[in-house]
Amino acid sequence: MKCAASHLPHTQKQAELVKSRRDVGNFDKEFTKMVVELTPTDKLFIMNLDQNEFQGFSYTNPEFIIQV
């Protein structure tokens with residue numbers, strides 16, 4: 001069975017299948033019912049990262065931008 005949007009680029013096809021930002025319909029129910037376990041950060045590892053590797057890098061999460 002072909003997807004109705006098979007002519008669209010892969011990411012656009014995926015976007016059309018998502019009903020909302022919190023839609024988890026494409027994930028296995030066993031996965032979505034799992035308890036969240038956050039991985040603790042290794043503070044020593046982070047302290048020893050060469051910050052020069054991130055020089056010039058900037059990112060702003062569009063979900064946290066407040067329009068004024």
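Every number here is computed from the coordinates shown, using simple stated rules; none is lab data. Given the structure is predicted, the values throughout are model-derived calculations rather than measurements. Note that each Cβ is placed from the backbone with ideal geometry, even for glycine, and that neighbours are counted across all protein chains shown.
Residue by residue, the stretch 53-65 carries 3J(HN,Hα) couplings of 5, 9, 4, x, 8, 8, 8, 10, 5, x, 6, 10, 8 Hz when phi is fed to the Karplus relation 6.51 cos²θ - 1.76 cosθ + 1.60 (θ = phi - 60°); x denotes Gly or Pro. When you count the other C-beta atoms within 10 angstrom of each residue and take the mean per peptide, 31-39, 19-27 line up highest first as 19-27, 31-39. Each residue of the stretch 37-43 is assigned a 3J(HN,Hα), and the resulting list reads 10, 6, 7, x, 7, 8, 4 Hz, derived from the Karplus form 6.51 cos²θ - 1.76 cosθ + 1.60 (θ = phi - 60°), x at Gly and Pro.
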